[in-house]
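**Student:** Sending over a structure as structure tokens; questions will come in a sec.
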Amino acid sequence: MKAVRLTAWGREPTLAEVERPVPREAEVLVRVEASGLCHSDLHVVDAAPGALPYRPPFTLGHEVAGHVAALGPDATGPTVGERVALYGPWGCGVCARCASGQDNYCDRRGGLGWHGAGLGRDGGMAEYVLVPSVRHLVPIGDLAARQAAPLTDAGLTSYHAIAGLRHALGEGTNAAVIGIGGLGHLAVQILRATTPSRVLAVDIREEALALGHRSGAHVGTLLRADTARTLKARTGGAGVDAVLDFVGNRATLELAVDILRPGGELALVGSGGGQLTVRKPGFLPPGFRLSLPFWGTRPELTEVIALARSGTLDVATEEHPLSAAPEIFGRLRAGRVHGRAVLDC
Ligand code: FEH
Ligand code: ZN
Ligand code: ZN
């Protein structure tokens, strides 16, 4: 079968021919229909030897949807042909977190040598992917795979970040979404679908603000020197109740703490490498709370898929054949992907 492989640290991903896996015990073989590209794939590809606990070679791809192709002898539940999305964080499977579908926060993640599909284990940028257990599969019914695949990471990560802030997103509140890309545009849609908050979209690109508007943002503001003043003015001077920062660089973190209302919440999702100094006395808003949400839980993925199947979520994608993966990695690195890049496998 064809697969996009990370063959060694420091090498670009390559399309290769590998053995199609055979499911054993409780494993499930999935015929991949669509696999999304994520900035984290770039972090993996660009990682220095030893920076990540993974051991190449392995197949990339942690944002996957397809249908069940075969079941191991001990696998029960899905039937061959059932269409599914992959819950991508794979933990130890036995700790309290994994037992409750929170593999993203597995108690043993530090010692596993992997973080999930395409993250140290063979992933879904391939014609087939072997899944350790049915617990990692979520039925998608007739939802298009090129919509379902990005929802397993871009959608789930945004949904999980919002879930952690929900208490701050009641009537009359304002939520700022910084970075209207593959995750941010879905966060805008999820906020509009599941909270009464007014949504303020921020980005450096006009076309991203246009995507934010199409996704339901009430206001779109370019990130400039006066953005904090503009946004505070739009909230009557009080500031926003919550910020979701999908960029996470110095400029966006500075903006976040400048616009946050006292008692406000910041969810830092983007891995832009920005830093905040947390000290008392200091300059952060009183009552400031920071979260660093990571991916999401399996029950939340079921909720995201249900939202999408109800017609509430629309993922902006650009589709490419699996064979184009190496070129699309280059476009993603150059910031020339609009919405989420999805490989048709
Ligand atoms: C995956 C693995 C490691 C870091 C970040 C990620 C995210 O893309 C998951 O949403
Ligand atoms: Zn990802
Ligand atoms: Zn675990």
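**Student:** How much of the DSSP beta bridge set in the chain is antiparallel, as a percent to the nearest 5?
**Tutor:** Given both bridge residues lie in the chain, the antiparallel proportion sits at roughly 50 percent.
**Student:** Tell me which of Gly237, Ile140, Ala69 sits at the most positive position along the dipole axis of the chain, charges placed on C-beta atoms (Lys, Arg +1; Asp, Glu -1).
**Tutor:** Gly237
**Student:** At Phe294 and Ser100, where each label point lies 7 Å from the Cα along Cα→Cβ, what is the point-to-point distance in nanometres?
**Tutor:** Label at Phe294, label at Ser100, 1.7 nm between them.
**Student:** Label-point separation (nm) for Thr194 and Met1, each offset 7 Å from Cα along Cα-to-Cβ?
**Tutor:** With each label placed 7 Å out from Cα toward Cβ, I get 3.0 nm.
**Student:** Provide Thr312, Thr76, Thr317 in ascending order of the number of other Cβ atoms located within 10 Å of each residue's Cβ, fewest first.
**Tutor:** So the residues, fewest neighbours to most, are Thr76, Thr312, Thr317.
**Student:** Given a 10 angstrom Cα cut-off, can you work out which residue in Leu260, Leu52, Leu156 is the most mobile in a GNM of the chain?
**Tutor:** Its mean-square fluctuation being the largest, the pick is Leu52.
**Student:** For the stretch 29-135, state which trypsin sites (Lys or Arg not before Pro) are in a DSSP loop and have at most 15 other beta carbons lying within 10 Å of their beta carbon.
**Tutor:** Those that pass, being in a loop and sparsely packed, are Arg108.
**Student:** Across 5 Å bins from the origin, how do the percents of Cα pairs in the stretch 19-172 run, short distances first?
**Tutor:** 2, 10, 17, 21, 21, 15, 8, 3, 2, 1, 0, 0
**Student:** Return the single residue from His320, His167, His39 with maximal mean-square fluctuation; model: Gaussian network over the chain, springs between Cα atoms under 10 Å.
**Tutor:** His167
**Student:** When averaged across all projection directions, what area in nm² does the alpha-carbon convex hull of the stretch 207-345 cover? Show your work: numbers first, answer last.
**Tutor:** Working: hull surface 42.8 nm².
About 10.7 nm², averaged over all directions.
**Student:** Here's a follow-up. Collect residues whose amide H, placed 1.01 Å from N in the peptide plane, falls under 5 Å from the amide H of Gly239; neighbours closer than 5 in sequence don't count.
**Tutor:** For Gly239, whose amide H was placed from the backbone, there are no distant partners under 5 Å.
**Student:** Using the alpha carbon gyration tensor of the chain, what are the three equivalent-ellipsoid semi-axes (square root of 5 times each eigenvalue), largest first, in whole Å?
**Tutor:** 35, 20, 20
**Student:** Where is the GNM fluctuation largest for the chain (alpha-carbon springs, 10 angstrom cutoff): Phe288, Phe246, Phe58?
**Tutor:** Phe288
**Student:** Set the Förster distance to 30 Å, then compute FRET efficiency between Arg250 and Arg166 from the Cβ-Cβ distance, nearest 0.05. Don't skip to the answer; put the middle values down first.
**Tutor:** Working: r = 28 Å, r/R0 = 0.93.
With a Förster radius of 30 Å, E is 0.60.
**Student:** What residues have an amide H closer than 5 Å to that of Arg121, excluding those fewer than 5 places away on the same chain, when H is modeled at 1.01 Å from N in the peptide plane?
**Tutor:** Long-range HN contacts for Arg121: His115, Gly116.
**Student:** A follow-up question, please. Need the C-alpha centroid separation for the stretch 248-326 versus the stretch 51-79, integer Å.
**Tutor:** 26 Å
**Student:** Just from its helices, what would the mean residue ellipticity at 222 nm be for the chain, if runs of 4 or more DSSP H residues each count -39500 (n - 2.57) and the sum is divided by every residue, rounded to the nearest 500 deg cm²/dmol?
**Tutor:** Here the helix-only value at 222 nm equals -7000 deg cm²/dmol.
A short reminder: the numbers here are calculations on the coordinates, not readings from a lab. Here the structure is a predicted model, which means the values were calculated and not measured. Counting neighbours? That spans all protein chains shown, and the Cβs are built from the backbone with ideal geometry, glycine included.
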